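Here's the structure we're looking at; comments come further down.
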Amino acid sequence: MRNLKNVRLAEVQLQNELPLTATAWDTASDAVICTFGPTEANPVIELRRKRADAYFSDPVAADTFECIASWDAPCPLPDLPCDRVCSLHYFADNLTACLVLEGGDIVIVREEPLPGEDKIEIVGSVDVGITAAAWSPDEELLALTTRADTFLYMTREFENVADITLAPENLQQSQHVSVGWGKRETQFQGKRAKAMRDPTVPEKVDEGKLSSNDDGRTSISWRGDGAYVAVNRVEFGIRRAIRVYSREGTLDSVSEPVDGLEGALSWRPYGNLIASIQRSEEKIDVVFFERNGLRHGEFTLRLTEEERASWASNIHLSWNIDSTVLAVQFQDRVQFWTMGNYHYYLKQEVPVVVNPEYSHPFAFKWHNEKALRFVAGASGI
């Protein structure tokens, strides 16, 4: 693939006291939908729209973001300092935004409510709280994980159609065969031992030890055709694993143990690879899994020890819609990697000004239809 370069860039200064927390695309008009807040000091959520024709308007104008709605959002869970937007999705066909909040509420905001409809409505609530959420590509199913170790499917009408318990015994769903060499003391250690070793057999078998940087987050990513969904979570403090479920809610596989696996997750829309992050003392790798849970290659990010400990301490991943570019999102920048001849190339790096006082990672979102268009934003200093 040719080198990626910016052919259209628009920067807008956010004139808002609340931090930017999520973004989504209105594919019908190419507008960007954003949420601001809530924070512990100001438990308010604002939903705003930036029109496509306003991209190159005055970058500091106060009206570049039109306010769609604003409401108080105190967190219903006493152990959380404030609520958090787990997912923001915009339905262009009926001009409705859906927000899934960590406190458990599912909120829809209608830009043009019909007679008898509320502009802002809580259409459902999970009492124990929500850890992650993602809509299927066809916008027909909402996948949720809860703080009670359950996995839920909801329809577009927010009817619960599947309630799955994430049980420890599920980790044995995929019987991955250990083909390691066992203990070192039982192996032949002569001069010719290395030459005699089968190159297809790994020298070390991972046990699934947690990364020292693991933030405990849960991630959900759908395959491009919506037939399967992957869930990356810490399994009962034992290890981090990626579970794959069918659209009907049947557990399809569980990933093999990988030491240092972190919470980043993105299923390539073409369906052949699930990307995540593996961190060790010497390096950080983007690792790939097949649908059956087996490892299928990796590439190493070009980071120094100091960078791994600073702006690369928390990483997110996101494939674009046509599976040609993998975005690697760090704390203050995003890198774009492409693959050719089974080798991954760093094509572009875009810096993002962030405010270190805010704990939210900056918001990044690929366009749902235009493969090389994205929005990246954060509340700057």
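We did not get these values from a lab; they are worked out from the coordinates using the rules stated. Since this is a predicted model, take the numbers as computed values, not measurements. So basically every Cβ, Gly included, is an ideal-geometry build from the backbone, and we count neighbours across all protein chains shown.
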Worksheet, complete the sentence: Most packed first (mean Cβ within 10 Å per residue), the peptides 264-271, 351-358 order as 264-271, 351-358
Item to complete: Quote the Stokes-Einstein diffusion coefficient, in whole µm² s⁻¹, for region 20-166, based on the Kirkwood radius over alpha carbon pairs, a temperature of 10 °C and a viscosity of 1.306 mPa s.
Response: 99
Worksheet item: Any idea what the relative contact order of region 336-381 is, in percent, if you count C-alpha pairs under 8 Å spaced at least 6 apart?
Response: 32
Discussion item. If each residue of separation counts as 0.36 nm, what is the full-extension length gain between residue 357 and residue 282 once their alpha-carbon separation is subtracted?
Written reply: 24.1 nm
Worksheet entry | Inter-label distance for residue 310 and residue 92, nm, one decimal - labels placed 7 Å from Cα along Cα-to-Cβ | 4.0
Discussion item. Report for region 128-174 the percent antiparallel among DSSP-assigned beta bridges with both residues inside it, nearest 5.
Written reply: 100
Worksheet item: For residue 370 and residue 112, what does the FRET efficiency come to when R0 = 25 Å and r is the distance between their Cβ atoms, rounded to the nearest 0.05?
Response: 0.50
